[in-house]
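Before anything else, here's the structure in question.
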Amino acid sequence: MEIDEPGFHVSYDDERKVWTFAWKWAGDSEPDAVRNSVAEWHILPSAKTEYDVETEKWIASGWLKPYDEKKYGPVKGFDSSNDYENAV
């Protein structure tokens, strides 16, 4: 399965059960860094435990995996706190 839109392309590998997503950058030129205005969204203290449990479930299920720098190369445009890739 593939979805090809003006701003992105996404495909699903049924054998590996993995989605792959890629942005289509304006002018076919990716930025040297993604300019996020929020480094990390604030988690309410009342939701922190639930958030952590859910994140651990995603990791245990294989939906969120450590970024493989050997496979994909150095992360571009993000700080080192973004060390997980979304595998869903």
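The values are calculated or read from the model by the stated rules, or taken from the named source; none is laboratory data. Because the structure is a prediction, the values reported are computed rather than measured. Using ideal geometry, Cβ is built from the backbone for each residue, glycine included, and neighbour counts are taken over all protein chains shown.
Report every pair of residues separated by at least 6 positions or lying on different chains whose Cβ atoms are under 6 Å apart, first residue within region 62-82 and closer than 19 Å to GLU30 by Cα, second modelled with pLDDT of 80 or more and of a type in the set (Val, Ile, Thr).
none
Does TYR72 meet the test of being surrounded by 11 or more Cβ atoms within 10 Å (Cβ to Cβ) and either over 13 Å from the mean Cα position of the chain (by Cα) or at pLDDT below 85 (or both)?
No.
Moving on to the next point. Out of all the residues in region 10-24, which are part of a loop (DSSP other than H, G, I, E, B) and either in contact (Cβ under 8 Å) with a residue 40 or more places away in the chain or exposed (fewer than 11 other Cβ atoms within 10 Å of the Cβ) (or both)?
Of everything in region 10-24, those that are part of a loop (DSSP other than H, G, I, E, B) and either in contact (Cβ under 8 Å) with a residue 40 or more places away in the chain or exposed (fewer than 11 other Cβ atoms within 10 Å of the Cβ) (or both) turn out to be ASP14, GLU15, ARG16, LYS17.
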